[in-house]
Amino acid sequence: MEIAKTYNPTAVEDKWYQNWIENNLFQAEVDSSKKPYTIVIPPPNITGMLTMGHVLNNTIQDVFIRTKRMEGFNACWVPGTDHASIATETKVFNFLKDQGIDKFKIGREEFLKHCQSWKEKYGGIIIQQLKKLGVSCDWSRERFTMDSEYYHEVIKAFVELYNQGNIYRGYRMVNWCPATKSAISDEEVLFRVQSGKLYFFSYPIEGENEFITIATTRPETMLGDTAVAVNPNDDRFKHLVGKNVLLPIADRLIPIIADEYVDSNFGTGAVKITPAHDVNDNVIGLRHNLEFINIFNEDATTNNNVPLEFRGLDRFEVRKKIVARFEEFGLLVKVEDYQNRVGYSERGGVPIEPYLSEQWFMKMDVIVKPAIEVVQNGSVKFHPAHWSKTYFNWLMNIKDWCISRQLWWGHRIPVWYHKETKEIYCDVTPPKDLENWKQEEDVLDTWASSWLWAHGVFKTEEEKKYFYPTDLLVTAPDILFFWVARMIIAGLHFEKEIPFKDVYFTSVIRDMQGRKMSKSLGNSPDPLDVIAEYGADALRFTIIYLAPLGQDVLFSSDKCEIGRNFANKIWNAGRFLLMNAEKINTNDELIDKHRDFIDDWIDSRFNSTMKELNKAMENFELNNCSKIIYSFVWNDFCDWYIELNKNKFYSDNEELKSAALTRTLKMFENLLKIVHPFMPFITEELWNLIESRKSNESISTSFYPKYDEAKINAEAENEMEIFQEITTAIRNIRGEMNIAPSKSIKVFLKSDNLSNKNIDFLKKLTRAEEIVIDGKIQKPKASASAVLKNCEVYVPLEGLIDLEIERARLMKEVARFENGLNGINKKLSNENFVNNAPKDIVEKEMLKQKDCLENLEKIKEILQELS
């Protein structure tokens, strides 16, 4: 059997993924004889492309689902995509615009055909990209939030809530995105701190030779002012309360009112009140029964409620003209620089407008209460747990949810208005005399469809009863409000059960400078390029290895060397064993023959590892799991167990050889199984190389190893630990003293409690011709030494190296390191360098400084030994 010298992911990955799909290895059907384990994928937008965030999220899900599948659970991972109303409509709108096609001219029906065509052409790209990552979803269950069955679930939920009185239509202030011309939720508003201006305007008081000065950051909205407000306890203005001011430009009289909301310390202590265009002013306007004047069109240009010269202009153009006109009138007192928090539309990318609009709302105050309780009582657990505080804070201060969007692509609200009587009809089916009714134009907020995802993906009641509640949700914390909380609310309201038992919040992926990865910064590598260079297994393992639960990940593509080196280590171990298997017959009947301390040790280490691994998995510490596996595979199995078995493989005793190789291959097979959920491709390839298997056999459906407490042997592990320390110390001495590998050495071990039983292994691993163990040994002249926990190690150097030449060489090394250290110290003592150089460059210099100091200290210790 020809086994490639180096592992080639490209030759392996597509082959095995195709095999898994052809053999339906990931499909899950209702099976009462098996316990289900269910995950629903956070559906990526059909506009999306694979990002490093998707890689982390989906690798975590895949690790859990593959592990549970191997443990015998009926593992069901439901994939799918989200229709993403605003994002998709924007893409299609711009696509048509580039072709000279106007959305409004072609009409709703034709536009939706274009959306559907766009979805069919581009909507599945991210799914195909996910397959390159090796995810083991049940693709026969792939769902889309606009599928007919799912669409029906969404509409049915709306009707139910409407009939219960939980949905209403109201004329209220909303966050308005002028770019998409739609209302958006509070959670879709991103606040940015900006350097702006604070303008001070004087308003003349009616019938008085007096002015009142107000301060504002938004001069354009003064055209909609309907009052000036002061604090009732502010003595400066008490004489003015109840009087009117003449609103410049608009030429309207508006009252001066007193309201405790006003902060006397802001600006001048007097504020303009624009009830139609400010959230707080809206509340004051309602309290004082003020007029509400909307001055903006849906695109944030000014409407016919403003003077003629200001109509049809962009809001920021109006701002300039207003300021200029106040200056012309002599009413501009001053302009100050001002830091202001400005709300931006997450999708539209423009500043939002507080805007009075008729929208559909969902009452939230009562419906959220069960969702609070299930997290409080631990029915739903968050990992890390601290996210529960954020969750409670949001739910306990929740406002009614604006669920309507002024879009066409989405779930159209199932409400019809009678053309004559204005009667409202709401149902899952249209009214029979449809010609007399007009359907609501708005669609539902995307989140008002995906909040049903955990149960809505199951098509039959039998499936829902079996697979729901699901077991785990893996998601980013930035959609805790958008999606996680709302799914819990929906699950409890419609299904009377929690939607999932555990929520794993993923880390934020950042670049090496600590910046969040984004398209705009150009600092996010394309995962497909990383896979092409390093392989999917290397990327998967690395991203988990770098991502502690609840901490951000600093990622760069070259860090995938971690995963690639690990894959190569596993490949080389497998290749070595399989090459030996071509010359040595394995025999399961000999598996317990010719055992010695290293076999007891590796059995104990494997079972200790499994116990530790299971605990880490139960605690959702996947990063820790990757390190537990890495340590066992790299250190215990490859560096020690295989190395110590080599002499047996080369023995003249055929039975000894067979027993040793049989045991080692069996351990290697178990090792592949625990690595498999993290690195599915290389483990499948090697598992199939170990022995000939049927085409529908796969490591992914083989049995996951269980740990045996009886095989955990503390004495064997302690004995091996001492052996490893001594071996490592002797090898280090050989390396540090430049002792040629071909030269044999003498070793003295000063100890009262070491035994001779493993001395032959020690001689072979350290090329020692003689090893003496005695508690009364005195350190030989001109010898290198090491002090360990259980003994002192001495290696006489006389005759092994030329002491004078070695001393001269080491003196040169001292000089070299001292010169390097001087250069580094100069840099780090330069304040300009430390304060202005990129953070990662400064950190590298500090690391070099530390390494230099440690090397210098070590070389000086060796020189002392040679004296």
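When residue 356 is evaluated against the numbered criteria (1) at pLDDT 95 or above; (2) over 25 Å from residue 146 (Cα atoms); (3) in contact with a His (Cβ under 9 Å, 6 or more places away or on another chain), which criterion, by number, is the only one it fails?
For residue 356, the failing item is (1).
Identify, from the list 189, 159, the residue that is surrounded by fewer than 20 Cβ atoms within 10 Å (Cβ to Cβ), under 44 Å from the mean Cα position of the chain (by Cα), at pLDDT 95 or above and aliphatic (A, V, I, L, M).
159
Looking only at helices (runs of 4 or more DSSP H) that lie completely in the stretch 577-691, which have at least 2 residues being among the charged types (D, E, K, R) and out of contact with any Phe, Trp or Tyr (no Cβ under 8 Å at 6 or more places or on another chain)?
Filter on the stretch 577-691 gives 597-618, 643-649, 654-675.
Given (1) open to solvent by less than 30 Å² (accessible area, probe 1.4 Å); (2) of a type outside the set (D, E, K, R); (3) under 32 Å from the mean Cα position of the chain (by Cα); (4) farther than 26 Å from residue 308 by Cα, identify the lone condition not met by residue 352.
For residue 352, the failing item is (4).
Look through the stretch 427-446, keep the residues that are under 23 Å from residue 492 (Cα atoms) and at pLDDT 95 or above, and return whichever of them is nearest to the chain's Cα centre (by Cα).
The residue in question is 444.
Looking at the stretch 349-428, what strands (runs of 3 or more DSSP E) fall wholly within it and have at least 2 residues that are touching a helix residue (DSSP H, G or I) at 6+ places or on another chain (Cβ under 7 Å)?
353-362
Checking the condition over 30 Å from residue 115 (Cα atoms), surrounded by 13 or more Cβ atoms within 10 Å (Cβ to Cβ), of a type in the set (S, T, N, Q) and touching a residue at least 24 places away in the same chain (Cβ under 8 Å), which residue from 446, 470, 475 passes?
470
Pairs only if they're at least six apart or on different chains, beta carbon under 6 angstrom, first in the stretch 289-302 and over 12 Å from residue 356 (Cβ atoms), second part of a strand (DSSP E or B); list them, first residue then second.
290/227; 300/353; 301/314
Looking only at residues that are among the polar types (S, T, N, Q), part of a strand (DSSP E or B) and open to solvent by less than 20 Å² (accessible area, probe 1.4 Å) in the stretch 196-234, which one is farthest from residue 335 (Cα to Cα)?
Per the criteria, the residue is 202.
Between 441, 462, which is outside any helix (DSSP H, G or I) and either open to solvent by 10 Å² or more (accessible area, probe 1.4 Å) or more than 21 Å from residue 395 (Cα to Cα) (or both)?
441
Could you figure out which of (1) farther than 30 Å from residue 449 by Cβ; (2) open to solvent by less than 30 Å² (accessible area, probe 1.4 Å); (3) in a loop (DSSP other than H, G, I, E, B) isn't true of residue 323?
The failed condition is (3).
Pairs under 6 Å by beta carbon, first residue under 8 Å from residue 748 (Cβ atoms) in the stretch 766-785, partner acidic (Asp, Glu) and surrounded by 12 or more Cβ atoms within 10 Å (Cβ to Cβ), six or more apart or different chains?
Listed by first residue and then by second, the contacts come to nothing, as the list is empty.
Scan the stretch 566-605 for residues that are open to solvent by less than 50 Å² (accessible area, probe 1.4 Å) and farther than 29 Å from residue 7 by Cβ and jot them down.
Matches in the stretch 566-605: 590, 596, 597, 604.
Among the residues of the stretch 274-288, write down those that are of a type in the set (A, V, I, L, M, F, W, C) and either touching a residue at least 40 places away in the same chain (Cβ under 8 Å) or in contact with a His (Cβ under 8 Å, 6 or more places away or on another chain) (or both).
276, 279, 284
If you take the residues of the stretch 65-102 that are of a type in the set (A, V, I, L, M, F, W, C) and open to solvent by 10 Å² or more (accessible area, probe 1.4 Å), which of them is farthest from the chain's Cα centre (by Cα)?
Restricting to residues being of a type in the set (A, V, I, L, M, F, W, C) and open to solvent by 10 Å² or more (accessible area, probe 1.4 Å), the top hit is 101.
Is there a residue being crowded, with 22+ Cβ neighbours inside 10 Å and outside any loop (DSSP other than H, G, I, E, B) anywhere in the stretch 555-564?
Within the stretch 555-564, one or more residues are crowded, with 22+ Cβ neighbours inside 10 Å and outside any loop (DSSP other than H, G, I, E, B).
Is it true that residue 114 is farther than 30 Å from residue 17 by Cα and open to solvent by 70 Å² or more (accessible area, probe 1.4 Å)?
Spelling it out, it is not the case that residue 114 is farther than 30 Å from residue 17 by Cα and open to solvent by 70 Å² or more (accessible area, probe 1.4 Å).
Among the residues of the stretch 639-656, write down those that are aliphatic (A, V, I, L, M) and open to solvent by 70 Å² or more (accessible area, probe 1.4 Å).
Within the stretch 639-656, none qualify.
One residue is enough: does the stretch 801-811 have a residue meeting the conditions of a type in the set (Asp, Glu), open to solvent by 40 Å² or more (accessible area, probe 1.4 Å), outside any helix (DSSP H, G or I) and under 30 Å from residue 753 (Cα atoms)?
No: the stretch 801-811 contains no residue that is of a type in the set (Asp, Glu), open to solvent by 40 Å² or more (accessible area, probe 1.4 Å), outside any helix (DSSP H, G or I) and under 30 Å from residue 753 (Cα atoms).
Here are some conditions: (1) among the hydrophobic types (A, V, I, L, M, F, W, C); (2) in contact with a helix residue (DSSP H, G or I) (Cβ under 9 Å, 6 or more places away or on another chain); (3) under 30 Å from residue 534 (Cα atoms). Residue 28 meets all but one. Which one does it not meet?
Tallying (1) among the hydrophobic types (A, V, I, L, M, F, W, C); (2) in contact with a helix residue (DSSP H, G or I) (Cβ under 9 Å, 6 or more places away or on another chain); (3) under 30 Å from residue 534 (Cα atoms), residue 28 fails exactly one: (3).
Taking the stretch 33-57, which residues are open to solvent by 10 Å² or more (accessible area, probe 1.4 Å) and either free of Cβ contacts under 8 Å to residues at least 40 places away in the same chain or not in a loop (DSSP other than H, G, I, E, B) (or both)?
Hits for the stretch 33-57 are 33, 35, 36, 37, 45, 53, 54, 57.
Got a number for residues in the stretch 168-186 being more than 22 Å from residue 345 (Cβ to Cβ) and either open to solvent by less than 10 Å² (accessible area, probe 1.4 Å) or free of Cβ contacts under 8 Å to residues at least 40 places away in the same chain (or both)?
Final tally of qualifying residues: 0.
Could you grab the pairs with beta carbons closer than 6 Å, sequence gap of 6+ or different chains, first residue in the stretch 793-809 and touching a residue at least 12 places away in the same chain (Cβ under 8 Å), second one β-branched (Val, Ile, Thr) and surrounded by 14 or more Cβ atoms within 10 Å (Cβ to Cβ)?
Between residues of the stretch 793-809 that are touching a residue at least 12 places away in the same chain (Cβ under 8 Å) and residues that are β-branched (Val, Ile, Thr) and surrounded by 14 or more Cβ atoms within 10 Å (Cβ to Cβ), the close pairs are 795/733; 795/745; 795/747; 800/739.
Among the residues in the stretch 138-151, are any of a type outside the set (A, V, I, L, M, F, W, C), more than 22 Å from residue 452 (Cα to Cα) and not in a loop (DSSP other than H, G, I, E, B)?
No, because not a single residue in the stretch 138-151 is of a type outside the set (A, V, I, L, M, F, W, C), more than 22 Å from residue 452 (Cα to Cα) and not in a loop (DSSP other than H, G, I, E, B).
Residue by residue through the stretch 659-706, note down the ones that are among the hydroxyl-bearing types (Ser, Thr, Tyr), touching a helix residue (DSSP H, G or I) at 6+ places or on another chain (Cβ under 6 Å) and open to solvent by 10 Å² or more (accessible area, probe 1.4 Å).
If the condition is that a residue be among the hydroxyl-bearing types (Ser, Thr, Tyr), touching a helix residue (DSSP H, G or I) at 6+ places or on another chain (Cβ under 6 Å) and open to solvent by 10 Å² or more (accessible area, probe 1.4 Å), then 704 is the only one that fits.
State whether the residues of the stretch 825-835 include one that is over 24 Å from residue 644 (Cα atoms) and assigned to a loop (DSSP other than H, G, I, E, B).
Yes, because at least one residue in the stretch 825-835 is over 24 Å from residue 644 (Cα atoms) and assigned to a loop (DSSP other than H, G, I, E, B).
Within the stretch 360-367, is there a residue that is surrounded by fewer than 18 Cβ atoms within 10 Å (Cβ to Cβ) and touching a Lys or Arg at 6+ places or on another chain (Cβ under 8 Å)?
Checked against the condition, which is being surrounded by fewer than 18 Cβ atoms within 10 Å (Cβ to Cβ) and touching a Lys or Arg at 6+ places or on another chain (Cβ under 8 Å), the stretch 360-367 yields at least one hit.
The values are calculated or read from the model by the stated rules, or taken from the named source; none is laboratory data. It should be emphasised that the depicted structure is a prediction, and the values quoted were computed from it without experimental measurement. Virtual Cβ from ideal backbone geometry, glycine too; neighbours counted across all protein chains shown. Areas reflect the complete protein model, heavy atoms only, side chains present, ligands, DNA and RNA absent. Shrake-Rupley method; radii C 1.70, N 1.55, O 1.52, S 1.80 Å.
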